[in-house]
1. Return only the number of the condition from (1) open to solvent by less than 60 Å² (accessible area, probe 1.4 Å); (2) at pLDDT 95 or above that SER183 does not satisfy.
2. Could you list all residues from segment 206-234 that are surrounded by fewer than 16 Cβ atoms within 10 Å (Cβ to Cβ) and either of a type in the set (Asp, Glu) or under 21 Å from ARG248 (Cβ atoms) (or both)?
3. Please verify whether segment 148-162 includes one or more residues that are crowded, with 18+ Cβ neighbours inside 10 Å, free of Cβ contacts under 8 Å to residues at least 40 places away in the same chain and more than 17 Å from the chain's Cα centre (by Cα).
4. I'd like to check something: does segment 200-216 contain any residue that is touching a residue at least 12 places away in the same chain (Cβ under 8 Å), closer than 15 Å to ARG267 by Cα and either of a type in the set (D, E, K, R) or not in a helix (DSSP H, G or I) (or both)?
5. Against the conditions (1) touching a residue at least 60 places away in the same chain (Cβ under 8 Å); (2) surrounded by fewer than 19 Cβ atoms within 10 Å (Cβ to Cβ), where does ASN271 fall short? Just the number, please.
6. Can you tell me how many residues in segment 1-16 are in contact (Cβ under 8 Å) with a residue 12 or more places away in the chain, assigned to a helix (DSSP H, G or I) and more than 24 Å from the chain's Cα centre (by Cα)?
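The values are calculated or read from the model by the stated rules, or taken from the named source; none is laboratory data. Keep in mind that this is a model prediction, so the values were computed, not measured. Every residue, glycine as well, gets a Cβ built from its backbone with ideal geometry; the counts of neighbours run over all protein chains shown. These area figures cover heavy atoms from the full protein model, side chains too; ligands, DNA and RNA do not enter into them. Shrake-Rupley method; radii C 1.70, N 1.55, O 1.52, S 1.80 Å.
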Amino acid sequence: MQIARTIPELRELLGGAHRAAFVPTMGNLHAGHLSLVEKARTLGDVSVASIFVNRLQFLPHEDFDTYPRTWDSDCEKLQSVGCDVLFAPDEKALYPQPQTCKVHPNPLIADTLEGEFRPGFFIGVCTVVMKLFACVQPRFAVFGKKDYQQLMVIRHMVEQFALPIEVVGAETERAEDGLALSSRNGYLDKQERIQASQLSATLRSVAQAVKDGERDFAAIEARATTALAARGWKPDYVALRRRSDLQRPASGDALVVLAAARLGNTRLIDNLEIGE
């Protein structure tokens, strides 16, 4: 695996690549990230991963300074799955000037759910992803469905700017008890880790209610939210949405249920697609 620390170094390494497949990450890698790299290796002529903890997507009260940096472990894991190139710029390399030009995504998709509880988050995400796309110039970009709304926001951005990139959504990797793999799982203590599987179980219960024919979606959402709260969670939302654009669903729409909730000091998100 070759490592580039600056944009010129990266472009030199990728000079002969015509179909790069790219996986952007913030490091602290786990099996979910590695599955994205493995997917990328099947798509392009060179697989590229990035590690960059993006200050722009952290709110003032969030954990930018304490976000885990696990460089040696990350490199070992990427090498183990055959990643070809790692782009690992520092802030000065990626943002040599204050990043005053920013990408504002479609508010219909970005200002609901995560955007409501983390205002400005998707501006930071879109800005860094657009800049990384400009650096890597990939033909494919692989994102996990675990961050479902992020995947939708990035897809819409790519369409709006007519970027020659195919955005590929990869299925969520889960632990045996159903918990979606996430870097933030490392913040859970032993007891919280046992309880954390309740979030995916809640999503499954919502999906089953829909499959059983219930159509009062607000009532289903409220019931699921109450059930989480009763188990000691602090839910932000449990929401049934139209899969294509995350708007309120109508009859016959393919659905996804999304949830975000805090367990102790750790905020977890998850989702589950329902039907076709």
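1. All conditions are met except number (2).
2. GLN208, LYS211, ASP212, GLY213, GLU214, ARG215, ASP216, ALA218, ALA219, ALA222, THR226 - these are the residues of segment 206-234 that are surrounded by fewer than 16 Cβ atoms within 10 Å (Cβ to Cβ) and either of a type in the set (Asp, Glu) or under 21 Å from ARG248 (Cβ atoms) (or both).
3. no
4. Taking every residue of segment 200-216 in turn, none turns out to be touching a residue at least 12 places away in the same chain (Cβ under 8 Å), closer than 15 Å to ARG267 by Cα and either of a type in the set (D, E, K, R) or not in a helix (DSSP H, G or I) (or both).
5. (2)
6. 2
Results for (1) in a loop (DSSP other than H, G, I, E, B); (2) open to solvent by 10 Å² or more (accessible area, probe 1.4 Å); (3) in contact with a helix residue (DSSP H, G or I) (Cβ under 6 Å, 6 or more places away or on another chain), shown as yes or no for each residue.
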residue	(1), (2), (3)
LEU59	yes, yes, no
PHE64	yes, yes, yes
PRO68	yes, yes, no
ASP72	no, yes, no
ALA93	no, yes, no
LYS102	yes, yes, yes
ILE109	no, yes, yes
